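Undergrad: Just dropping this structure here.
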Amino acid sequence: MATLEIRDLHVTVEADNATKEILKGVDLTVSQGETHAIMGPNGSGKSTLAYSLAGHPKYTITGGTVLLDGEDVLEMSVDERARAGLFLAMQYPVEVPGVSVSNFLRTSATAIRGEAPKLRTWVKEVKETMESLHMDPSFAERNVNEGFSGGEKKRHEILQLELLKPKIAILDETDSGLDVDALRIVSEGVNRVRESGEVGTLLITHYTRILRYIKPDHVHVFAGGRIVESGGPELADKLEAEGYEAYVKGGVSA
Amino acid sequence: MAEAQNIPVGATTAGSIAVAAESTVATRMSAPPSFDVADFPVPHGREEEWRFTPLERLRGLHDGTAVANGGGVKVTVEAPEGVVVETVGRDDARPGRAGTPVDRVAAQAYSAFEQAGVVTVPKETVLTEPIRIAVHGEGGVAFGHQVIELGAFAEAVVVIDHTGDAVLAANVDYLLGDGAKLTVVSVQDWDEKSVHVAQHNALVGRDASFKSVVVTFGGDVVRLHPRVTYAGTGGDAELFGLYFTDKGQHQEHRLFVDHNAPHCKSNVVYKGALQGDDAHAVWIGDVLIEAKAEGTDTYEMNRNLVLTDGSRVDSVPNLEIETGEIVGAGHASATGRFDDEQLFYLMARGIPEHDARRLVVRGFFAELVQQIGVGDIEERLIAKIEEELEASVA
């Protein structure tokens, strides 16, 4: 069973000629089949956690370990992490002009699977997945994220999630900027992947809204660069009712 | 996070944005067009039409110190049956008929050439195979003149391939009869020391179609001046260009479309990639719609993909309109960086860095390569782009 183990992770960024510590000792274990929601106020470091795990060059790891099935993730390049089974659905997916979605998906699937998918089954697989996400077939011929609406970008991220079948999926504010219909469609996509039982999901969100569609097993409150409280789904209900104020004002300090 | 910051039209782009000086087609010229080199002062580098060009690297083509030394370049013409291939003297009427030199180097080339090549496709002759003109530098200095003439309703594809080591100044004339269709692919695949300065003059006949594809990879300095004028109504000109500017190279493409007849079309698309220190690409796109050119439809675009720091792009589109009775006129210029966010996104999907870069650059050029319509040239271009990218990764 695949497990992602984050131990005492410290991360800094360079901003305005100064080094700023964003993550201040994150501990978290996510196993295949589990869904963890990470909730927290803006600026708490949730997205930094997501991008650091994926290996974004902007972030410097200054301490701690991240292991995927015992392998040192922090030693891997960005593409190696993806091939090892980590997937990050991004909050702000990047435009890649001149590269079509279909070419991108196939290149990516070839890299992740280690061999080119058989054309006939691949075309069918892509078509069916796009249909289930209510994406028009013409989407495949557009350039990656170029001119996509916010909802289209998120659907495109979930399309990749479904096709690439990672061991660990990190969803960084996938719900932000979506209307209710789009949120439902995207959540259904995430749930299809979860139902396989083969993915561990790290759901990063500011709002409890998405948790009506994607039920977490564990809820963690993120504040000041670390997890300050963990619990079951009931913790989300508490946050819904009370907000983050208690955490932001230092009500819980470690 | 976006890959391409859009640069306002008329801007000079070098990672930063600067607004280009106000100028018009006429004010760009320091002297009126002329066949006589003596009519042009020796440029000092501050003139509008020379300000981007490293004069000190032109090996004397601009100041009269470059002297033809015989055997500078070797020209070989391969033509299908039905095509007339000639070498003519200065007294022949055809060289210069398509256009007049607009700068000192073109005038120098005209004043100094001894023999011109003339390739004629007789009227109503439709070729199924391309005409291939190989221009191979043999290490010397040369002044050249080439004429390609298509009679009425003739159709041809011409590939002009520049390779080897040379210092070459040349004029190339394209004369299209009424209803003729000419596609010309000019490939600048020079060795790294070569200097090539040339003016291309197309005179597009009534209802004729001219397609020019300019592909520049090699050379130390390449400065080309593709120009189009119309001899009648209904002419159509498509000017496509692709360049890959490497470390230390200067590649300059200065286009001019003179809409001097009614109901003509022009479409200009130039795309370039740059990599390495002091790689410098210059694109000037001048379009003039004269008062009599009612019904004109024109568009021009330049896009640049900057792959590494240290390279520079100057992109200056310029549209001058003397009549409002037109179908359409537009231009665009954009310079984008291949940035780390793009690379991160592709790599985060398992794609290795090398493949990710290749994917983006191939994608950037693909649309243009498909426009060429000459199979072996398309393949060679894709291979050449791959080769350039291999070099950059290594």
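Values in this text are rule-based calculations from the coordinates and carry no lab data. None of the values given here were measured: they were computed from a predicted structure. We place every Cβ from the backbone using ideal geometry, glycine too, and count neighbours over all the protein chains shown.
Undergrad: Hand me the list of helices (runs of 4 or more DSSP H) wholly inside segment A:1-118 holding 1 or more residues that are in contact (Cβ under 8 Å) with a residue 12 or more places away in the chain and under 24 Å from A:THR129 (Cα atoms).
TA: It comes to A:78-84, A:101-113.
For (1) closer than 18 Å to A:VAL190 by Cβ; (2) over 19 Å from the mean Cα position of the chain (by Cα); (3) surrounded by 21 or more Cβ atoms within 10 Å (Cβ to Cβ); (4) more than 10 Å from chain B (Cβ to nearest Cβ), each residue gets a yes or a no:
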position	(1), (2), (3), (4)
A:GLN91	yes, no, no, yes
A:VAL96	no, yes, yes, no
A:SER100	no, yes, no, no
A:GLU125	yes, yes, no, yes
A:GLU128	yes, yes, no, yes
A:GLU131	yes, yes, no, yes
A:LEU159	yes, no, yes, yes
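Undergrad: Name every residue in segment A:59-82 that is polar (S, T, N, Q) and more than 14 Å from every other protein chain (Cβ to nearest Cβ), in order of residue number.
TA: First pass over segment A:59-82, keeping only residues polar (S, T, N, Q): A:60, A:62, A:65, A:77.
Within segment A:59-82, A:THR60, A:THR62, A:THR65 qualify.
Undergrad: Condition (residue is assigned to a loop (DSSP other than H, G, I, E, B), crowded, with 24+ Cβ neighbours inside 10 Å and out of contact with any Leu (no Cβ under 7 Å at 6 or more places or on another chain)) applied to segment B:171-188: is it met by at least one residue?
TA: no
Undergrad: How about segment A:186-213: which of its residues are hydrophobic (A, V, I, L, M, F, W, C) and crowded, with 22+ Cβ neighbours inside 10 Å?
TA: A:VAL186, A:VAL190, A:VAL199, A:LEU202, A:LEU203, A:ILE204, A:ILE210, A:LEU211
Undergrad: In a loop (DSSP other than H, G, I, E, B) and either touching a Lys or Arg at 6+ places or on another chain (Cβ under 7 Å) or at the interface with chain A (Cβ under 8 Å from one of its Cβ atoms) (or both): which single residue out of B:GLY336, B:GLY373, B:GLY350, B:GLY363 fits that description?
TA: Answer to the selection: B:GLY350.
Undergrad: Still on this structure: Report, by residue number, each residue of segment A:111-123 that is over 21 Å from the mean Cα position of the chain (by Cα) and within 14 Å of chain B (Cβ to nearest Cβ).
TA: Listed by number, the residues that qualify are A:GLY114, A:GLU115, A:ALA116, A:PRO117.
Undergrad: Another question, if that's okay. Taking B:ASP297 and the conditions (1) out of contact with any His (no Cβ under 6 Å at 6 or more places or on another chain); (2) in contact (Cβ under 8 Å) with a residue 60 or more places away in the chain, which numbered condition does it fall short on, given that it satisfies the others?
TA: Of the numbered conditions (1) out of contact with any His (no Cβ under 6 Å at 6 or more places or on another chain); (2) in contact (Cβ under 8 Å) with a residue 60 or more places away in the chain, the odd one out for B:ASP297 is (2).
Undergrad: Does B:ALA231 satisfy the condition of being surrounded by 24 or more Cβ atoms within 10 Å (Cβ to Cβ) and either touching a Gly at 6+ places or on another chain (Cβ under 6 Å) or among the polar types (S, T, N, Q) (or both)?
TA: Here the answer is no, as B:ALA231 does not meet what is asked.
Undergrad: Another question about this same structure. Checking B:TYR110 against (1) part of a strand (DSSP E or B); (2) touching a Phe, Trp or Tyr at 6+ places or on another chain (Cβ under 7 Å), which test does it fail?
TA: Failed condition: (1).
Undergrad: Turning to a different aspect of this structure: Restricting to segment A:88-125, give me the number of residues that are farther than 22 Å from A:HIS56 by Cα and among the aromatic types (Phe, Trp, Tyr).
TA: Matching residues across segment A:88-125 total 1.
Undergrad: I'd like the residue in segment A:43-58 that is in contact with a Gly (Cβ under 7 Å, 6 or more places away or on another chain) and small (Gly, Ala, Ser) and, out of all such residues, is farthest from the other protein chains (Cβ to nearest Cβ).
TA: Result: A:SER44.
Undergrad: In segment A:136-174, what count of residues is obtained for those that are aromatic (Phe, Trp, Tyr) and within 21 Å of A:SER196 (Cα to Cα)?
TA: 0
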